[in-house]
Protein chains: 2
Amino acid sequence: MSIDYDPKRFYEALVEHGHIVPVGVKGAFGRGAVFEDVLERFNDLVSEVAKDDGAETRTYPPIVNRHVIEKNGYLESFPHLCGTVFSFFGKELEAREMAQRAAAGESWSSHLGITDVCMTPAICYPLYPTLAGTLPAGGRLFSMLGWAYRHEPSDEPTRMQSFRMREFIRAGSADQVVEWRDMWLQRGLSLLRSLGLDANSDVASDPFFGRGGKMMAANQKDQRLKFEVLIPVISKENPTACCSFNFHQDHFGSKWGINTADGEVANTACLGFGLERIVMALFKTHGLEVARWPSEVRQRLWR
Amino acid sequence: MSIDYDPKRFYEALVEHGHIVPVGVKGAFGRGAVFEDVLERFNDLVSEVAKDDGAETRTYPPIVNRHVIEKNGYLESFPHLCGTVFSFFGKELEAREMAQRAAAGESWSSHLGITDVCMTPAICYPLYPTLAGTLPAGGRLFSMLGWAYRHEPSDEPTRMQSFRMREFIRAGSADQVVEWRDMWLQRGLSLLRSLGLDANSDVASDPFFGRGGKMMAANQKDQRLKFEVLIPVISKENPTACCSFNFHQDHFGSKWGINTADGEVANTACLGFGLERIVMALFKTHGLEVARWPSEVRQRLWR
């Protein structure tokens, strides 16, 4: 079967089949029942693979303390992706003026002020401050699922403003953390390939902002700090990152005072499955009707 | 067993037992594994009760098209609760200035501009625009789960900035919609009482802003448009709204051009279970250790 790669036609086909529902804003569409079912089944499969690892579970809302964004240096690396929540702090007269402006289609943003929260850009962000102190000898391991926000409106279906990541986070010594990351890189590949996906790993870099960012990206690649598992979804030549593995070295450990049992600054790593992207990869690879997916894929998801 | 009601001690007890994890911002805490397990089990129970209703499922991200907020009149009624996403639209030089300000603990909000999205204040908000047109004769019914945002930071554990609602939404004739709402009011009461909760319904009003809001609230009560199911969580005298039933009459139908098969403007109603609040009501009522909950409650949740 020859697959053609046209982002616009893929988007339209997802809409036609009720898998996504446009909302008039780029990258913020609704998900239909079948889309959600596949997403949940895949997430369950990840849980199944990880069930003996002993991860602790944490669930955070889609917002994060603004101080965490400021302290982690997110604004230095990704100022263009950050979402910050603003709200109204005024009294009745001003509220009426704001509502009237909004109703008249005029700008009302000058009435708003910054709140204490930003949109969570990565599911693991709220976790690190809570790890301050000394880790047990074996380090710690967490499992998290949540909504991430990135301000990159796009017509391309795999590039969303708001999407879910299933993440695992490991904190410990550099050796513990890297060994765990390497183990999951193989696991992630096997898991995605077992679903008939053309998944391949590669060294990668984050979309750092501006010219300075180019150097940071090059440095990140040189040090092999980031890997991705890529699957063709909207392009054969530029497959989509569906899984990301980040070794932070002691970045978060030093920021938040996380130490190993030996008294060293802790290292951390995280990995995330981009759940919506993996669902889209499955639709692209096996077709838009799940009833017609290969039986081995169906059996693996709907056990 | 005498229960005392002290919001601060209840919050601390939830933290001590690992059910919630503070993040340094009011009403944005993390949820522990047991909290999440109870929440998911309760949500499953709602699905079980509703399984033969034939609801369509939709899942939206925690953001909504800003135009929906403007057009629905949310800023007229709840300007103080609305969260709006701002982002950075500048170039490299300004980005550096913003990051430096943030790192120095100075204000950096002047570098941000309004985006096309707000925080979803009610799970059903993104749905109404997609119902434009003519409904089938029986109307339509939807099931949704999502994160809502309200800018009301509070030390009181049941008052959150970000929380999950399990919602059902009905669109059709006034009779269809009201009959359905009344049926669910009884269902909701039975369901919560079957879990040993001291649940009672009452006519209610929304927290409309300002002096003008007082009139809107009184009007809403007079017309019996809103009901709540209340459970004592942090106060015996002022029990907490854990479930909310809203009859919108033709508000959304006329805004978004939704018509019944007869050509009338459609009526809508929604109901929502405040999932975190119900979990907290269970902890308050049955204690902080789920293993020691009454066996009939455990059996109902962990089937």
Selection within the stretch B:94-110 - of a type in the set (A, V, I, L, M, F, W, C), facing chain A (nearest Cβ under 9 Å) and over 16 Å from A:THR115 (Cβ atoms): B:ALA95, B:MET98, B:ALA99, B:ALA103
Filtered residue count, the stretch B:225-267, keeping only those that are among the acidic types (Asp, Glu) and either in contact with a strand residue (DSSP E or B) (Cβ under 8 Å, 6 or more places away or on another chain) or assigned to a strand (DSSP E or B) (or both): 2
Test: A:ARG164 is in a strand (DSSP E or B), modelled with pLDDT of 95 or more and over 21 Å from A:PRO129 (Cβ atoms): yes
Conditions (1) more than 7 Å from every other protein chain (Cβ to nearest Cβ); (2) in contact (Cβ under 8 Å) with a residue 40 or more places away in the chain; (3) over 15 Å from B:ALA28 (Cβ atoms); number of the one not met by A:PHE89: (2)
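I'm checking my understanding of the structure. Among residues of the stretch A:281-303 that are among the aliphatic types (A, V, I, L, M) and either surrounded by 17 or more Cβ atoms within 10 Å (Cβ to Cβ) or touching a Leu at 6+ places or on another chain (Cβ under 9 Å) (or both), which one is farthest from A:SER47 (Cα to Cα)? Before you say what the answer is, go through the steps one by one.
Within the stretch A:281-303, the subset among the aliphatic types (A, V, I, L, M) is A:281-282, A:288, A:290-291, A:297, A:301.
From the residues that got through so far, the ones that are either surrounded by 17 or more Cβ atoms within 10 Å (Cβ to Cβ) or touching a Leu at 6+ places or on another chain (Cβ under 9 Å) (or both) too are A:281-282, A:288, A:290, A:297, A:301.
Working: A:ALA281: 19, A:LEU282: 18, A:LEU288: 25, A:VAL290: 22, A:VAL297: 17, A:LEU301: 12 Å.
Out of the qualifying residues, it is A:LEU288.
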Subset of the stretch B:111-140 (residues that are over 30 Å from A:GLY113 (Cβ atoms) and either open to solvent by less than 20 Å² (accessible area, probe 1.4 Å) or more than 13 Å from chain A (Cβ to nearest Cβ) (or both)): B:LEU131, B:GLY133, B:THR134, B:LEU135, B:PRO136, B:ALA137, B:GLY138, B:GLY139, B:ARG140
Residue satisfying condition, being closer than 16 Å to B:ILE169 by Cβ, buried (at least 21 other Cβ atoms within 10 Å of the Cβ) and in contact with a helix residue (DSSP H, G or I) (Cβ under 6 Å, 6 or more places away or on another chain), within set B:ILE278, B:ILE258, B:ILE231: B:ILE258
Filter pass, A:LEU14 being out of contact with any Asp or Glu (no Cβ under 9 Å at 6 or more places or on another chain) and surrounded by 19 or more Cβ atoms within 10 Å (Cβ to Cβ): yes
Yes/no for A:LEU145 being surrounded by 15 or more Cβ atoms within 10 Å (Cβ to Cβ), closer than 21 Å to B:ALA103 by Cβ and under 23 Å from the mean Cα position of the chain (by Cα): no
When residues of the stretch A:234-248 are limited to those that are under 30 Å from A:ALA13 (Cβ atoms) and among the polar types (S, T, N, Q), the one most open to solvent (accessible area, probe 1.4 Å): A:ASN238
Count - residues of the stretch B:21-73 that are more than 30 Å from A:ALA99 (Cβ to Cβ), of a type outside the set (Ser, Thr, Tyr), facing chain A (nearest Cβ under 8 Å) and outside any loop (DSSP other than H, G, I, E, B): 8
Whichever residue in the stretch A:209-224 is surrounded by fewer than 16 Cβ atoms within 10 Å (Cβ to Cβ) and not in a helix (DSSP H, G or I) and, among such residues, is farthest from the other protein chains (Cβ to nearest Cβ): A:ARG224
Among (1) of a type in the set (A, V, I, L, M, F, W, C); (2) over 24 Å from B:VAL64 (Cα atoms); (3) open to solvent by less than 10 Å² (accessible area, probe 1.4 Å), the one test that B:ALA174 misses: (3)
Tally of residues being buried (at least 19 other Cβ atoms within 10 Å of the Cβ) and in contact with a Lys or Arg (Cβ under 8 Å, 6 or more places away or on another chain) across the stretch B:79-96: 3
Neighbours by Cβ (under 9 Å, 6+ apart or cross-chain): first from the stretch B:152-166, without any contact (Cβ under 8 Å) to a residue 24 or more places away in the chain; second open to solvent by 20 Å² or more (accessible area, probe 1.4 Å): none
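Filter the stretch A:41-62 down to residues that are closer than 14 Å to A:MET144 by Cα and under 16 Å from the mean Cα position of the chain (by Cα) and give me whichever is surrounded by the fewest Cβ atoms within 10 Å (Cβ to Cβ). Break it down into steps so the answer makes sense when it comes.
Start the filter on the stretch A:41-62 by keeping residues that are closer than 14 Å to A:MET144 by Cα, which leaves A:43-44, A:46-47, A:50-51, A:53-62.
Applying the additional criterion that residues be under 16 Å from the mean Cα position of the chain (by Cα) yields A:43, A:46, A:58-62.
On the way: A:ASN43: 16, A:VAL46: 19, A:ARG58: 25, A:THR59: 20, A:TYR60: 24, A:PRO61: 27, A:PRO62: 26.
Ranking the candidates gives A:ASN43 first.
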The stretch A:1-10, residues that are open to solvent by 60 Å² or more (accessible area, probe 1.4 Å) and either in a helix (DSSP H, G or I) or free of Cβ contacts under 8 Å to residues at least 40 places away in the same chain (or both): A:MET1, A:SER2, A:ASP4, A:LYS8, A:ARG9
Search result, residues across the stretch A:177-201 that are open to solvent by less than 10 Å² (accessible area, probe 1.4 Å), under 19 Å from the mean Cα position of the chain (by Cα) and more than 26 Å from A:ARG298 (Cβ to Cβ): none
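The values are calculated or read from the model by the stated rules, or taken from the named source; none is laboratory data. As the structure is a prediction and not an experimental result, all values here were calculated from the model. Glycine also receives a Cβ, built like all others from the backbone with ideal geometry; neighbour counts cover every protein chain displayed. SASA here: full protein model, heavy atoms, side chains in, ligands and nucleic acids out. Shrake-Rupley method; radii C 1.70, N 1.55, O 1.52, S 1.80 Å.
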